[in-house]
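Readers should treat all values here as calculations from the given coordinates under stated rules, not as data from a laboratory. As the structure is a prediction and not an experimental result, all values here were calculated from the model. Heads up, the Cβs are rebuilt from the backbone with ideal geometry, glycines too, and the neighbour counts pull from every protein chain shown.
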Amino acid sequence: MSGKIIIVGLGSGTEEQLSLGTFRKLKDSNNLFLRTAAHPVVSFLREEGITFKTFDGLYDSHTEYSRVYEEIALQLVKMAEAGSEVVYAVPGNPMVAEKSVQLLIEKGKSLSIGVEVLGGESFLDTLFSRLQIDPIEGFLFFNGETLKAADLNPGKDIVIAQVYDKWIASDVKLTLMEVYPDDMPIWIAANLGTDQEQIKEVLLFELDHHQSDFHHLSSLYIKKAQNDNIFHRQFQRLVETVEILRSPNGCPWDRAQTHQSIRQNLIEETYELLETIDEQDMNHMIEELGDVMLQVILHSQIAREEGFFDIADVVQSLNQKLIRRHPHVFGGEKADKASEALEYWENSKKKEKKENNSDDSVLAGIPKDLPAILKAYKLQKKAAKVNFDWEKIEQVYSKIEEELKELQESSEREQIDELGDVLFAVVNLARFLKLDPEMALEKTNKKFIKRFNYIEKKLKENGISLADATLELMDSYWNEAKRVLAEAPSEHNDHIST
């Protein structure tokens, strides 16, 4: 016959926080176990002649607290299975930040062992009283050992427990600094409910400088933010801003837009972003990435108003696709090379198309509005996967010569088709060379602009207008520009990854 486990809370401070019911359980038990003797009530228990055992020795034999809590649960369950009634006492409230209690409840259910929980005053109760906080407005409660930036919401009061040494305090500081400014005031709360109680206000950046303030009875409090700049870093605030712009009291221009009316904006903003990438202008890139993101959120808001989808659906779809197409990361597959990872991606795409009854053409899946050079590159790459390709690069050079000759011999009506064939053949050459044809042409465009600007500058210096300049003079300045503006080899890789 199984026994029973009774879990009681010792409160966060002295014996004055003990309820009469809890005191009686402690006094009457013949099998009293404390998770730790490091608690203000313990001296009172000794004075009252209450005998107990503790699990403090486990903290010395295990390097990870999770192992300690697991071992505590196993030992208590074993005693209960033997028919004993065991009283297990923990600091504070058993249902607040007590992993060993959760393990006991789980094991009790699975093994049909009775587990009874008696409350106790949590350090949260004392913290709310001391700082005069009403939690009805909502607050967030986190474990400092597992805190992530994604957990944080600056619009809520935040309490972080288990900040018991400077190393955890340092990790918490770095996490908080991803959301809050370095000089954000926060509070260290220690020994709440005891005669050594201390609540200290410090600045975030100096948090881990207060080594002596961190121990098993210390936690942190962060007041909900009032500074708009903090909220401006939150993705949800951006979604709300766009929603306001589209609202009846928002901006007339934003309200008037449709998917079609802002279609071109996405293309233009994307090209502006590409320019900052090519120029390696990181500050400007922030702005242009934001402009591209704005287009995504605008389209999502319009779709939400029309009842089709919202930004959460977009995020969900993307997360699902990334996980599905990376089985070597999120599943049991393995990929040590980029080519192996790409194969998983392509196989996943094929499977999705088959399941969705999509066009099964080898050339399917290329957006019709891609720039022509990039579209040509992708068409050739797809065809090459089924061996519709030249075997040697010499054949590509010969094809270019053939297409040039046909262009030279073509009639005026045929020229546009023959010119397209020449360009298509040149793109094929870029693919064989593993070079990005779009990037190659853009580099030449930039080179042309620099050299032509040099011509304009020299003409202006000599008081000659463009209209009066001879071709010979401009050509001489062009050659001069080639020498003066000679560029160093490109630092970035112009090859397209295969």
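What ³J(HN,Hα) values, in whole Hz, does the Karplus curve 6.51 cos²θ - 1.76 cosθ + 1.60 give for the stretch 314-327 when θ = phi - 60°, with x put for Gly and Pro?
Here the 3J(HN,Hα) series is 5, 5, 4, 4, 5, 4, 4, 5, 4, 5, 5, 8, 10, x Hz.
Taking Cα atoms, how many degrees apart are the long axis of helix 393-409 and the longest axis of the chain, rounded to 10 and kept between 0 and 90?
Taking Cα atoms only, the helix is inclined about 50 degrees.
With θ taken as phi - 60° and the coefficients 6.51, -1.76 and 1.60, list the Karplus ³J(HN,Hα) couplings across the stretch 44-55 in order, rounded to whole Hz; mark glycine and proline as x.
Using θ = phi - 60°, the values come out as 5, 4, 5, 4, 7, x, 7, 8, 7, 10, 10, 9 Hz.
Roughly how many nanometres apart are two label points built 7 Å out from the Cα toward the Cβ at Thr444 and Ile262?
Output for this residue pair reads 3.7 nm.
Let's test the formula: R0 of 51 Å, r as the Cβ-Cβ distance of His284 and Glu106. What FRET efficiency results, to the nearest 0.05?
Approximately 0.45, to the nearest 0.05.
Collect residues whose amide H, placed 1.01 Å from N in the peptide plane, falls under 5 Å from the amide H of Ser29; neighbours closer than 5 in sequence don't count.
Correct list: empty.
Non-local amide H neighbours of Ala89 (under 5 Å, H modeled in plane, Pro and chain starts lacking H): which ones?
Amide H neighbours of Ala89: Val8, Phe33, Leu34, Arg35.
Taking square-rooted eigenvalues a ≥ b ≥ c of the alpha carbon gyration tensor, is the stretch 125-230 rounded, prolate or oblate, where a/c under 1.5 means rounded and, failing that, a/b exceeding b/c means prolate?
oblate
Roughly speaking, what % of Cα-Cα pairs in the stretch 1-85 are separated by over 19 Å, rounded to a whole number?
43
Would you work out the relative contact order for the chain, in percent, from Cα pairs under 8 angstrom that are 6 or more residues apart?
9
Can you tell me the Rg and Dmax of the chain, counting just the alpha carbons, in angstroms?
Answer for the chain, Rg first and Dmax second: 34.8, 111 Å.
Counting DSSP beta bridges in the chain, what percent are antiparallel, to the nearest 5?
DSSP beta bridges in the chain are roughly 40 percent antiparallel.
Add +1 for every Lys or Arg and -1 for every Asp or Glu among the other residues with Cβ under 13 Å from the Cβ of Leu318, and state the total.
+2
Sequence-distant or interchain residues sharing an amide H contact under 5 Å with Leu435, placed H: which?
Ile496
In terms of the Cα gyration tensor, with a ≥ b ≥ c the square roots of its eigenvalues, is the stretch 222-295 rounded because a/c is under 1.5, prolate because a/b exceeds b/c, or oblate?
The shape class here is oblate.
Between Glu412 and Asn319, what is 0.36 nm times their sequence separation minus the Cα-Cα distance? Round to one decimal in nm.
Between Glu412 and Asn319, full extension yields 28.3 nm more.
If you average 1/r across every pair of different Cα atoms in the stretch 359-432 and take the reciprocal, what Kirkwood value do you get, in Å?
13.3
Give me the aspartates and glutamates in straight-line cross-link reach of Lys349: C-alpha distance below 17 Å, same-chain residues under 8 apart excluded.
Once the sequence-local aspartates and glutamates are set aside, what remains near Lys349 is Glu333, Glu340, Asp359, Asp360.
With n ≥ 4 as the cut-off for DSSP H runs, can you work out [θ] at 222 nm for the chain, using -39500 (n - 2.57) per run divided by the number of residues, rounded to the nearest 500?
The helix contribution divided over the chain gives -16000 deg cm²/dmol.
Within the set Lys334/Lys354; Lys368/Lys443; Lys4/Lys53; Lys385/Lys405; Lys99/Lys166, which residue pairs have Cα atoms separated by over 27 Å?
The answer is Lys385/Lys405.
Taking the Cα centre of each part, how many Å lie between the stretch 409-458 and the stretch 55-108?
Value for the Cα centre distance between the two parts: 73 Å.
If you place +1 on the Cβ of every Lys and Arg and -1 on the Cβ of every Asp and Glu, how big does the dipole about the Cα centre of the chain come out, in debye to the nearest 20?
1300
Taking R0 as 45 Å, what's the FRET efficiency between Ala303 and Leu433 from their Cβ-Cβ distance, rounded to 0.05?
0.60
May I ask you to list the lysines whose Cα is less than 16 Å away from that of Lys450, ignoring any residue fewer than eight positions away on the same chain?
Qualifying lysines at Cα under 16 Å: Lys458, Lys460, Lys482.
Under the Karplus relation 6.51 cos²θ - 1.76 cosθ + 1.60, θ = phi - 60°, what is the ordered set of whole-Hz ³J(HN,Hα) values for the stretch 218-235, x standing for Gly and Pro?
Values per residue, Gly and Pro as x: 10, 8, 10, 10, 10, 6, 4, 6, 10, 7, 4, 4, 5, 6, 5, 8, 8, 4 Hz.
Of Glu472, Glu438, how do they rank once you tally other Cβ atoms within 10 Å and put the fewest first?
Ordered by Cβ neighbours within 10 Å, fewest first: Glu472, Glu438.
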